[in-house]
Amino acid sequence: MKGILITGALGQLGSEIATELRRQHGSDRVVLTDVRDHINRDLVEEGPFYKFDVRDGKTLAEIVEKHRIGTIYHLAALLSATAEDRPQEAWDLNLNGLLTVLEVARERGAAVFTPSSIGAFGPTTPRDWTPQDTLQRPTSMYGVTKVAGELLCDYYHFKYGVDTRGLRYPGLISSKTPPGGGTTDYAVDIYYQALQTGRYRCFLKGDTYLDMMYMPDAVRAAISLMEADPSRLRHRNAFNVTAMSFCPEEQAAYIRACLPQFEIDYDVDPVRQAIANSWPNNMEDYAARVEWGWKPEYDLEATTRDMLRVLSQRLE
Ligand code: NAD
Ligand code: AKB
């Protein structure tokens, strides 16, 4: 069987996809790559790891050849808040990084998974039950790169036959690796602060609804999509997937059910609030359910209980 390679493997999503793929296939068969190597040292040390910039196509091609890679999970990117701060850098990494991966995949016959995001939608997109196929005119640099990336992946599929697949992830909540510069980061930080200080100052308004997903569902979604029967896929880049939609006030209420003294207040960041205002309140994910059997397992209550359980053990 061919190997699997992950770019951005030490980040929030990569570290968890890496752990699951190595559990399923063995550490030697899952090659991790990232531009940094000082975090998640367990992953760096337990199997093949290469530190390089994903835009270095020569190095990537050599590694793909050496390890007989059949599938690339391409996760190296700048997220929405960082991208808005450094838009030119975001364009360069998010699109030239993707183009580099697609070119190597085309030359070596590898399949490519690339996450898109709720950020691929914009203020003119229907905000409630956002359809799979709809207007996409995002106003953030992150969103611009995500829409362009979706189109580029479809192009490589139709033009060159590369097996490209992707998901429009909502905000991801996880306990292992902290999030890396997104608008939905509050939904993770709130659990750490609830346990450590009993209070949280939120940078989004309390009534801002956004789609979210707990990491075990996000990992399962990516792997299921890459294992799906291609003849059933009418869409490819990228499928809406969601598990829950809530606002900070509601999340605080669920935390209070476990930690009654918990308090939240607000100090709104206009940049991240503007990004959140341009994203859907909640998406429909019917195409993913029909075409490859997507079904989430964690709602807000289950996510909150599990996050508080895992983090309270870790922070002891
Ligand atoms: P992250 O910031 O946690 O991880 C990204 C990783 O990419 C980091 O480990 C970083 O070191 C690495 N990286 C950065 N620049 C690089 C370069 N030049 N070369 C190689 N590696 C580089 O991000 P994440 O949350 O894990 O996101 C992964 C993907 O999922 C991204 O495409 C992101 O847009 C998408 N996504 C994430 C979320 C979320 O809530 N986390 C939601 C929707 C979509
Ligand atoms: C971000 O907020 O940038 C990410 C995302 C939803 O794409 N979490």
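The values are calculated or read from the model by the stated rules, or taken from the named source; none is laboratory data. Owing to the predicted nature of the structure, the values given are computational and were not obtained by experimental measurement. Backbone-built Cβ (ideal geometry, glycine too); neighbour counts: all protein chains shown.
Points worth noting:
- Every residue from the range 191-236 that is over 23 Å from the mean Cα position of the chain (by Cα) and assigned to a strand (DSSP E or B): Arg199, Tyr200, Arg201
- Among residues of the range 144-158 that are farther than 11 Å from Leu95 by Cβ and away from ligand 1 (no atom under 13 Å from the Cβ), those with a Cβ under 8 angstrom from a residue that is hydrophobic (A, V, I, L, M, F, W, C) and modelled with pLDDT of 95 or more, sequence gap 6+ or separate chain, pair up as Tyr156/Leu102; Tyr156/Ala105; Tyr156/Val112; Tyr156/Val162.
- Lone unmet requirement of (1) crowded, with 18+ Cβ neighbours inside 10 Å; (2) among the small types (Gly, Ala, Ser); (3) touching a helix residue (DSSP H, G or I) at 6+ places or on another chain (Cβ under 9 Å) for Ala287: (3)
- Test: residue in the range 91-107 that is out of contact with any helix residue (DSSP H, G or I) (no Cβ under 9 Å at 6 or more places or on another chain), more than 13 Å from ligand 1 (Cβ to nearest atom) and modelled with pLDDT of 95 or more: no
- Ile264 being in a strand (DSSP E or B) and more than 18 Å from the chain's Cα centre (by Cα): yes
- Residue within the range 90-105 that is polar (S, T, N, Q) and over 18 Å from the mean Cα position of the chain (by Cα) present: yes
- Where a residue in the range 45-67 is among the acidic types (Asp, Glu) and in a loop (DSSP other than H, G, I, E, B) and its partner, wherever it lies, is modelled with pLDDT of 95 or more and surrounded by fewer than 18 Cβ atoms within 10 Å (Cβ to Cβ), with Cβ under 9 Å and at least six apart: Asp53/Val35; Asp53/Thr59
- So Tyr286, is it touching a Leu at 6+ places or on another chain (Cβ under 6 Å), touching a residue at least 24 places away in the same chain (Cβ under 8 Å) and of a type in the set (Phe, Trp, Tyr): no
- Considering residues of the range 238-250 that are outside any helix (DSSP H, G or I) and more than 14 Å from the chain's Cα centre (by Cα) only, the residue surrounded by the most Cβ atoms within 10 Å (Cβ to Cβ): Met244
- Per the listing Thr164, Thr183, Thr208, Thr177, the residue uniquely at pLDDT 95 or above and over 23 Å from Pro280 (Cβ atoms) is Thr164.
Each row is one residue, and each column tells you yes or no for (1) away from ligand 2 (no atom under 16 Å from the Cβ); (2) more than 30 Å from Val144 (Cα to Cα); (3) crowded, with 21+ Cβ neighbours inside 10 Å; (4) within 19 Å of the chain's Cα centre (by Cα).
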position: Leu32; (1), (2), (3), (4): yes, no, yes, yes
position: Val35; (1), (2), (3), (4): yes, no, no, yes
position: Val44; (1), (2), (3), (4): yes, yes, no, no
position: Thr59; (1), (2), (3), (4): yes, no, no, no
position: His74; (1), (2), (3), (4): no, no, yes, yes
position: Leu78; (1), (2), (3), (4): no, no, yes, yes
